[in-house]
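Below is one structure, written out as structure tokens; comments come after it.
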Amino acid sequence: VFQEMRTRECRFINGTEKVRFMRRYIYNRKQYMMFDSDVRMFVGDNPCGETQARCCNGIPEILEDNRAAVDT
């Protein structure tokens, strides 16, 4: 059985003064890639995730949508 999961979470620092948005991509209970609003781009956690992160970072529409998610 193979399982793929995507999670989104917002962490609020100092009430609602600062918001940190994170989108995690998990395959078989291991995170392979994540978007962090503090870094403002995708980051890979293993070689496969690094390849996918490079691909996602090359598409401006995906980055823009994730960066805008912090405001919403």
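The values are calculated or read from the model by the stated rules, or taken from the named source; none is laboratory data. These numbers come from a predicted model, not from an experiment. Glycine gets a Cβ as well: all are built from the backbone with ideal geometry, and neighbour counts include every protein chain shown. Areas reflect the complete protein model, heavy atoms only, side chains present, ligands, DNA and RNA absent. Shrake-Rupley method; radii C 1.70, N 1.55, O 1.52, S 1.80 Å.
Just to check I understand the Karplus step: with θ = phi - 60° and J = 6.51 cos²θ - 1.76 cosθ + 1.60, what whole-Hz values come out for the stretch 8-21, glycine and proline as x?
10, 8, 10, 10, 9, 10, 6, x, 10, 5, 10, 10, 10, 9
Apply the Karplus curve 6.51 cos²θ - 1.76 cosθ + 1.60, θ = phi - 60°, to the phi angles in the stretch 57-64 and return the couplings in whole Hz, x for Gly and Pro.
Computed from phi, the couplings for the stretch 57-64 are 5, x, 10, x, 5, 5, 4, 5 Hz.
Would you mind working out the magnitude of the charge dipole of the chain relative to its Cα centre, with +1 at each Lys and Arg C-beta and -1 at each Asp and Glu C-beta, to the nearest 20 Debye?
Approximately 240 debye in magnitude.
In the stretch 16-65, what GluC sites (Glu not before Pro) fall in a loop by DSSP, with at most 12 other Cβ atoms inside 10 Å?
Of the GluC sites (Glu not before Pro), the ones in loops of the stretch 16-65 whose Cβ has at most 12 other Cβ atoms within 10 Å are Glu17.
Counting only heavy atoms of protein chains, what accessible area per residue, in Å², does the chain have with a probe of 1.4 Å?
Ligands and nucleic acids excluded, the figure is 73 Å² per residue.
Accessible area, 1.4 Å probe, largest first: how do Cys56, Cys48 sort?
Greatest to least solvent exposure: Cys48, Cys56.
At most 12 other Cβ atoms within 10 Å plus a DSSP loop assignment makes a site exposed; report the longest stretch of the chain without any exposed trypsin sites (Lys or Arg not before Pro).
Formally, the longest exposed-site-free interval is 41-72.
Run the numbers on the chain and let me know its relative contact order in percent, using alpha-carbon pairs under 8 Å that are six or more apart.
After rounding, I find 22 percent.
Pulled fully out, how much extra length does the chain show between Ile13 and Val43, if you take 0.36 nm times their separation in residues and subtract their Cα-Cα distance?
Answer, rounded to one decimal: 8.6 nm.
Heavy atoms only, probe 1.4 angstrom, no DNA, RNA or ligands counted: give me Asp65, Asp38 ranked by accessible area, highest first.
I get Asp65, Asp38, largest accessible area first.
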